[in-house]
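Structure, as structure tokens:
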Amino acid sequence: MMPGWVKSKWRYFVVAALMIFLVLLPFKWFLGQYTSIMIFIGISTMITVGLCLLMGYTGQVSLGQAAYYGLGAYFSAVLSKTYGWNPWLAMVIAAIATGSFAYIIGYPIFRLRGNYLAMATLGIGLIMWVLFNQLSQYTGGPDGMSGIPYLSIGGFAFDTNFKRYFLVWFFCLAILFLSQNIVRSRTGRALRAIHGNEAAAQSLGINVTQFKVKIFVLSSVYASLAGSLFAHHLRHVSPQSFDFLASVKLVVMAVIGGLASVWGAIFGAGTTRLLSDKLLLGFNQFPQLDIIIYGLILMLVMIFTPEGLFIALKSGIKWLQLNWRHLPEIMRTQGKELPHRIKDRLTRLVPARWWRKAEP
Amino acid sequence: MSGTILETKGLTKAFGGLVAVDNVDLAIEPGRITAIIGPNGAGKTSLFNLIAGVYRPTSGDIIFNGRSLKYAPWYAKAIPPKLKQQKLLKVRLERHAPAHKRTALGIARTFQHVNLFGNMSVLENIMTGQHPRSKYGFFAAALRLPKARREEEMINLNAMKYLNMVGLGKHSGKNALSLPLGQQKLLSIARAMATEPKLILLDEPGAGLNALEKRELSDLIKRIREMGITVILVEHDMPLVMGIAEWIIVLDSGRKIAEGTAAQVQKDKKVIAAYLGEETEDA
């Protein structure tokens, strides 16, 4: 077995390995060809972390997260290009503006619960999308706007993918660490308490509405920062990046990552992005195949591992860690049941009367 | 009056036409175990919800620790007195402290259905109870400021203290809902105790427990009282109530019909009538 100190610190080893991997990745001799897609994965991860906090920990659904992503992107684009502001300042102002917007709509919207909340957030997403399209004297309408300046520090401009990769992942990891700290704190417990039982949470002195609004604001600020980075990365924004499907994709990322897992967000964003950008590139004659696949993934994950794919993998690894010595024995004693168990799960997919003979 | 910890004056709650709590005056003395009993539908749980701040009273006032739980909202001063008198204005000029503020003031409660957090461990459930006794927020949490670490240490220590108080120390890492019902009830009391209240409201703590668990429960309630905390409980199990309650208040269809010690209440004619049924009133 592993020595104790390795076992107790294994988290640090995993994180260190991940860091080294991320630092080396954009170099040509390693996985340089993935730099561009990794930038998008980083941006998506930022939004997904916010969604995990909101949906996984606090239990509040948002189907319009692309609205805040878009707000951040458009604020940055308009302020820095049309008005010639410093892009960093534009980014900060975008985050503050988006956060304030979320704060203002947060109080009325969190009077709603469950499906009604989902509908309301969906509505915000749609409204924003229409605004991005229609306010064409500012946003450039459906064609979007180009020529957004790069971010730069002093004379150092982030003008290549290689440089922007580090910029984006710096932000992404910072957000991940901050969120991880929030989750394991008094605040995180309050959020999970709200998810668990609102009446009980309130009876323990937790101001339920205020916490919901705060976490909503935080997630929208994350999305806004991601949007700003997106705008300064592509130097072009257009409304179709922030439509309803974008919101759905973000939900899929959060679900695959495991809703109640901050680090799972990287996994969720990564698999989803890789799926749509790399694997399905060949299917040009069927441009929205990825959406169909997302729909299927969403359904399958909900049926088989409602806690999220990442969490299921994690607990699977943990189980193996505990039981690998006894694996042959377990296979011998329980191996026969395995096909039945899989069959059991599968039969849940179809109505009982399709596979069970009707009672006479 | 400084002799009471909780007073209600003309407390009334109506749901449409149904008056669940009707003009109830209570005066609860500090450091005592008070039981509220009554037949089903007598308004006991509604009364609890009024005291805990889940419901807003239709009329009446609750005074906790010498302070009314009603207060004027910030905008009340801005409205000229003339407008206030005219009643044309459709804004509420008095507010009742919301449930979470009452917990911070020192009113804790448990629920009839235990309402534990199933997504947390036993210890985390109690740590959540320490919420109103700690302050640090999002910012300190995100950056792990020294303040946050110090408070977190305190929370952990206190949580273990309350966990050991109910004898669940060895189950700290388990999921809260994996415990048997009896222990879940104890855990929910420990969670309420972790808010460090002056007054604790127990809503049917004995429901669903076996005889042994009930004995443990009444021991625990007595220990809570010895800590100087006032206990009010709603309970159907009469032996349990008679065994521990020093003062009993009887409700029937929303009204207080009697109060006194166990012996006094048992002899009261109105109480007997309420429990055993009575002849029609005009007979």
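Derivation of every value follows stated rules applied to the coordinates shown; laboratory data play no part. Bear in mind the structure is a predicted one, so any value in this text is a computation, not a measurement. No Cβ is skipped: glycine too gets one built from the backbone with ideal geometry, and neighbour counts run over all protein chains shown.
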Task: Residue (of B:Gln266, B:Met165, B:Gln130) at the positive-pole extreme of chain B, dipole from beta-carbon charges - done: B:Gln130
Task: Cβ-based charge dipole, the protein assembly as shown, positive-most Cα from B:Tyr275, A:Leu79, B:Leu177 - done: A:Leu79
Task: Reachable lysines, given that their alpha-carbon falls under 20 Å from the alpha-carbon of A:Lys318 and they are not under 8 places away in the same chain - done: A:Lys7, A:Lys9, B:Lys174
Task: Residue-wise HN-Hα coupling along the range A:19-24, computed from phi with Karplus coefficients 6.51, -1.76, 1.60 (Hz; x: Gly, Pro) - done: 4, 4, 4, 5, 5, 7
Open item on the list: Hydropathy at least -0.5 by Kyte-Doolittle, axial extent at least 24 angstrom from the Cα trace: which helices of chain B, defined as entire DSSP H runs, fit?
Closed with: none
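Would you mind classifying chain B by shape? Square roots of the alpha carbon gyration tensor eigenvalues, ordered a ≥ b ≥ c; an a/c under 1.5 is rounded, otherwise it is prolate if a/b is larger than b/c and oblate if not.
It comes out oblate by the Cα gyration axes.
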Task: Cα-only radius of gyration and Dmax that characterise the protein assembly as shown, units Å - done: 29.4, 100
- [ ] Could you please state, rounded to a whole Å, how far the C-alpha centre of the range B:34-78 is from the C-alpha centre of the range A:48-127?
- [x] 38
Open item on the list: Give me the mean projected area, in nm² to one decimal, of the convex hull enclosing the Cα positions of the range A:77-175.
Closed with: 8.4
Task: 10 Å Cβ neighbours from other chains, averaged over peptide A:204-215 - done: 5
Task: Shape category assigned to the range A:1-154 from the gyration tensor of Cα positions, a/c cut at 1.5 - done: oblate
Open item on the list: Restricting to bridges with both residues inside the protein assembly as shown, how much of the DSSP beta-bridge set is antiparallel, in percent to the nearest 5?
Closed with: 60
- [ ] Of the DSSP beta bridges with both residues in chain B, give the percent that are antiparallel, rounding to the nearest 5.
- [x] 60
Task: Degrees between helix A:114-134 axis and first principal axis of chain A (Cα, 0 to 90, nearest 10) - done: 30
Task: Average beta carbon contacts from partner chains per residue of B:98-106, 10 Å cutoff - done: 4
Open item on the list: Can you classify the range A:16-307 as rounded, prolate or oblate using the Cα gyration tensor, where a ≥ b ≥ c are the square roots of its eigenvalues, rounded means a/c under 1.5, and otherwise it's prolate if a/b beats b/c and oblate if not?
Closed with: rounded
TODO: In whole angstrom, note down how far apart the Cα centers of the range B:109-137 and the range A:188-240 are.
DONE: 21
- [ ] Would you calculate, for the protein assembly as shown, the mean residue ellipticity at 222 nm contributed by helices, counting each DSSP H stretch of 4 or more residues as -39,500 (n - 2.57) and dividing by all residues, to the nearest 500?
- [x] -17000 deg cm²/dmol
Open item on the list: Taking 24 Å as the cut-off for C-alpha to C-alpha distance, list the pairs among B:Lys9/B:Lys270; B:Lys70/B:Lys222; B:Lys147/B:Lys185; B:Lys185/B:Lys256; B:Lys13/B:Lys222 that go past it.
Closed with: B:Lys70/B:Lys222; B:Lys147/B:Lys185; B:Lys185/B:Lys256; B:Lys13/B:Lys222
